[in-house]
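**Student:** Sharing a structure with you now.
The values are calculated or read from the model by the stated rules, or taken from the named source; none is laboratory data. What you see is a predicted model; the values in this text were computed from it and never measured. Cβ coordinates were reconstructed from backbone atoms using ideal geometry, including for glycine residues, and neighbour counts include every protein chain displayed.
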Amino acid sequence: MYIAVDDTDSRSGNCTSFLATELIKELDDLDLIGRPRLVRLNPAVPWKTRGNGALVLRVGTGRGTPIHTANIQGREVFCYPRSSEEPEREEVLERCRQVVDRRSSSDAEPGLVVSEKQPPASLYWRGVREIVPREDVYSALESIGASVYERNGGRGVIGACCGMAWRPQDRSYELLAYRQESLWGSVRDADLSSIREMDRLFPSTFNNWEEKSWKAAIVPSTPCPVLYGIRGDRPEELPDAMGALRTEAPDRWVVFLSNQGSDDHIIHRYRSLQPNQSYDVVGTVERATGRLPGGHSFLYLDTGHGDLCCALYEPSKEFRRLFDLLLPGDRIRVMGELREEPRTLNVEKVEVLDLVPSVEKEGNPVCLRCGRRMHSMGKNQGYRCRPCGTKEAAAPTVVRSRQLLPGWYEPPVTARRHLSKPLQRMGIEPPLYFV
């Protein structure tokens, strides 16, 4: 039996993923079938709270070799590869409804879906890349006989349905540890040097630590229940990575199967660029603005779909140096979210494809008769030596070496999005590191 929940948190706190631990506690007479899933959906949705993640569980009577996947207040939790028996759907809905009501933020719009079957996979791909109309979701849920509970408008039903529709292809894992409830909202106790060392000891993990700014990307700054989240490609190593950390004692932890770091949100084939979606765009640099007030940088590209303004905001830090070094005529690929207002593509990573020569004027031509510098006769009109009257059509130039190389570049760890695939997972290293 599949259970999916979305939109139980708010900008002021709470966390939809925490609800997984509460649902597992409530359904302790049932087995987990497969790992709990944390499915990130379209990051460009204007009304998202933080990570726009839906939670999906599958429960039943477990069969096969169990795998340790959680510890909830001292209780070890295992999941199984398959199920031999389904629980009664309406009973599961009612038990989960009580948890959703008890643990959702008052201003959230939670949606809960319980079903023996998954919705069509196409709904996941729409949910991670588009804004899906409510009527399309309810039509799909009706076709599979799902039971639905919603509150305060229930916009979360859309995310719950799209998350339930995910069939993992590129996948990663995240161990999320949660704080004692009495500590929610207070400053987290986490030793930064231990996070740095964990990042070194466990290379299968990613997006943990930013060396240049000495910051931990695994510890949130919001007043939510999460203590930290360790992402990786080998789930069996995540509990060991957690053991290497020196932090306040977690109240519980869960290893989730996730689509994080997959680039599933990126649209590669399109006829036009629509706002509130994320794209892979190739274009030629027209001009850069340099650093504007606030530290933001903008670059204008000539694409096959018109001119496009690309943005790197101040949190991108040294990544903005890339825009400083690009010249008109350079050809690049950018990936990121297209905002509606202002219409800018918020860049997540860049591939430099081709670089034009950097040609600079050495100075005005020298008169071969008298050795004096010639003077310009006006824009595009050449140069003339006033005493001798000799002329030259153009000034001498020199080709300078570029402080940039072709290849992929990405922002610091602390400025990356949940869904954006880090270069580490692509098996790529940037040809240059900006300082």
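**Student:** Working carefully through the options Leu245, Leu238, Leu273, Leu227, find the one that is in a loop (DSSP other than H, G, I, E, B) and either outside the structural domain of Lys421 (by TED's automatic domain parsing) or closer than 21 Å to Pro315 by Cβ (or both).
**Tutor:** Exactly one residue qualifies, and that residue is Leu245.
**Student:** Identify the residue in segment 152-173 that is of a type in the set (S, T, N, Q) and within 20 Å of the chain's Cα centre (by Cα) and, among all such residues, is nearest to Asp6 (Cα to Cα).
**Tutor:** That would be Ser172.
Residue-by-condition table, conditions (1) outside the structural domain of Asp28 (by TED's automatic domain parsing); (2) crowded, with 18+ Cβ neighbours inside 10 Å; (3) not hydroxyl-bearing (Ser, Thr, Tyr):
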| site | (1), (2), (3) |
| --- | --- |
| Arg102 | no, no, yes |
| Ser105 | no, yes, no |
| Ser115 | no, yes, no |
| Gln118 | no, yes, yes |
| Leu123 | no, yes, yes |
| Arg134 | no, no, yes |
| Ala146 | no, yes, yes |
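**Student:** Only residues that are among the β-branched types (Val, Ile, Thr) and in contact with a strand residue (DSSP E or B) (Cβ under 9 Å, 6 or more places away or on another chain): list them for segment 143-191, please.
**Tutor:** Ile144, Val148, Val157, Ile158
**Student:** For a quick check of your reading: which strands (runs of 3 or more DSSP E) sit entirely within segment 22-138 and have at least 3 residues that are touching a helix residue (DSSP H, G or I) at 6+ places or on another chain (Cβ under 8 Å)?
**Tutor:** Filter on segment 22-138 gives 37-40, 53-60, 67-72, 111-115.
**Student:** Any residue in segment 138-159 that is over 19 Å from Pro120 (Cα atoms) sitting within a Cβ distance under 6 Å of a residue that is of a type in the set (A, V, I, L, M) and not in a loop (DSSP other than H, G, I, E, B)? List the pairs, counting only those 6 or more apart or interchain.
**Tutor:** Partner pairs satisfying both residue conditions: Tyr149/Leu112; Glu150/Val157.
**Student:** With the requirement that a residue be over 20 Å from Val356 (Cβ atoms) and either basic (Lys, Arg) or loosely packed, with under 15 Cβ neighbours inside 10 Å (or both), what does segment 276-309 give you?
**Tutor:** Arg291, Leu292, Pro293, Gly294, Gly295, His305, Gly306 - these are the residues of segment 276-309 that are over 20 Å from Val356 (Cβ atoms) and either basic (Lys, Arg) or loosely packed, with under 15 Cβ neighbours inside 10 Å (or both).
**Student:** A further question follows. Given Glu88, Glu26, which one is surrounded by fewer than 18 Cβ atoms within 10 Å (Cβ to Cβ) and free of Cβ contacts under 8 Å to residues at least 24 places away in the same chain?
**Tutor:** Glu88
**Student:** Let me ask something additional. Collect the residues in segment 329-346 that are modelled with pLDDT of 95 or more and in contact with a Pro (Cβ under 8 Å, 6 or more places away or on another chain), keeping them in residue-number order.
**Tutor:** Glu337, Leu338
**Student:** Which one is surrounded by the fewest Cβ atoms within 10 Å (Cβ to Cβ), of the residues in segment 170-213 that are free of Cβ contacts under 8 Å to residues at least 40 places away in the same chain and under 25 Å from Leu257 (Cα atoms)?
**Tutor:** For segment 170-213, the residue satisfying everything is Arg200.
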